[in-house]
C-alpha cells in the first residue's frame, strides 16, 4: 500500500449545531489537495502520459505542491514547483523534503507562476498538471468529496442549506456543488475570499495572507452558480484558526479559519433551517511562522 491509497473518506466534524466541516487534514500529506494530485496523476498514468523518471511541474500556493511532491516521491517522478515567494517557509520545506525543486516568482503573482510553469513545461517536455484549468480538478471533487459529504449528511436530520468555502482553483467548490446540488437543489453556494484581494467581488487583486484561497483569478469558478461572496480578512482568518486550535483542539490553517468564520457569519445572518457544510482544508503546522 502507498500513502496515496489512503486519500479521501475524511471525517465530517460538528463545529456547532448548524455547522459541519469536512476534516481534510486526514489525507496523507495533510490537505484536501491530495485528492486532485492523485486523481490527475492516476489519469496521466492510465493514459500513458507519464512514465517513471519523468518530470512533473505545477504552479501552487503550497498545498497542491506538497501533494504532488508526495506522490512524485512515492512513484519515482521528479517534481518542479513554481510559486510566489511570499508563501510560508514551512510549506516550501515540506516540498523540498519530498524531493521537489522550488522556483520562486514575485510575491502574490500567481499569473506569473502559471505562465512560467507553462513556459518551462513546453521548453523541457515536463508534464504540466495544470490544476488551475484542469477539468479533472472539478471531476475529482464531484466523484469523491461531494459523494462523501452526501453520504455523511444523510444521517443528520436537517436539510443541507449551504455549502460555504474559500476558492483557490475553484475545483473543490464546483465539483462538490455538482454532486450536492443534485441532491439538495435549494442549497446555497457561498464563496469566501480575502478582504485584501476581492477579485470575485469585482475588486482588485492584492497580496494577502490566507494562503490557498484568493489566488487572484476566478479560474474554474462559475460565478453564475455562486449565490453570494463573503469577505474575510487575513487577520480575522488567523484569529479564528487560533480559536479552533485552543477551543476545539482542531489544528488547521488560515483558510480553514476563513471558511469557518465565513460560514458562522452567514448562519448568524440567515438563520437557515438546515445545516451548513464547509471545509477544513489543511493542517496548521505549515503556518507556524504566520500565526
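Every number here is computed from the coordinates shown, using simple stated rules; none is lab data. Given the structure is predicted, the values throughout are model-derived calculations rather than measurements. All Cβ positions, even for glycine, are placed from backbone atoms using ideal geometry, and neighbour counts span all protein chains on display.
Is one or more of the residues making up the stretch 142-150 surrounded by fewer than 18 Cβ atoms within 10 Å (Cβ to Cβ), in contact with a helix residue (DSSP H, G or I) (Cβ under 7 Å, 6 or more places away or on another chain) and in contact (Cβ under 8 Å) with a residue 12 or more places away in the chain? Yes, that holds for at least one residue.
Residues in the stretch 219-231 that are out of contact with any strand residue (DSSP E or B) (no Cβ under 6 Å at 6 or more places or on another chain) and crowded, with 16+ Cβ neighbours inside 10 Å were compared, and the one that is nearest to residue 111 (Cα to Cα) is 219. Of all the criteria given as (1) under 17 Å from the mean Cα position of the chain (by Cα); (2) surrounded by 19 or more Cβ atoms within 10 Å (Cβ to Cβ); (3) on the phi < 0 side of the Ramachandran plot, the one not satisfied by residue 195 is (1).
For the stretch 273-286, a residue qualifies if it is assigned to a helix (DSSP H, G or I) and either surrounded by fewer than 24 Cβ atoms within 10 Å (Cβ to Cβ) or in contact with a strand residue (DSSP E or B) (Cβ under 6 Å, 6 or more places away or on another chain) (or both), and the qualifying residues are 284, 285.
Would you point out the residue of the stretch 47-78, among those that are more than 13 Å from residue 95 (Cβ to Cβ), out of contact with any strand residue (DSSP E or B) (no Cβ under 8 Å at 6 or more places or on another chain) and touching a residue at least 24 places away in the same chain (Cβ under 8 Å), that is surrounded by the fewest Cβ atoms within 10 Å (Cβ to Cβ)?
Per the stated criteria, the residue is 52.
Scanning the stretch 158-177 turns up no residue that is over 16 Å from the mean Cα position of the chain (by Cα) and without any contact (Cβ under 8 Å) to a residue 40 or more places away in the chain. Taking the criterion of being surrounded by 16 or more Cβ atoms within 10 Å (Cβ to Cβ) and under 22 Å from residue 260 (Cβ atoms), the residues of the stretch 198-218 that qualify are 198, 199, 200, 208, 209, 210, 211, 212, 213, 214, 215. Reported count of residues in the stretch 50-59, each being in a loop (DSSP other than H, G, I, E, B) and touching a helix residue (DSSP H, G or I) at 6+ places or on another chain (Cβ under 8 Å), is 2.
Counting just the residues of the stretch 252-272 that are in contact with a strand residue (DSSP E or B) (Cβ under 6 Å, 6 or more places away or on another chain) and in a loop (DSSP other than H, G, I, E, B), which one comes out surrounded by the most Cβ atoms within 10 Å (Cβ to Cβ)? The qualifying residue surrounded by the most Cβ atoms within 10 Å (Cβ to Cβ) is 253. Please work out which residue is farthest from residue 272 (Cα to Cα), limiting yourself to the stretch 1-32 and to residues that are in contact with a strand residue (DSSP E or B) (Cβ under 8 Å, 6 or more places away or on another chain) and assigned to a helix (DSSP H, G or I). Ranking the candidates gives 25 first.
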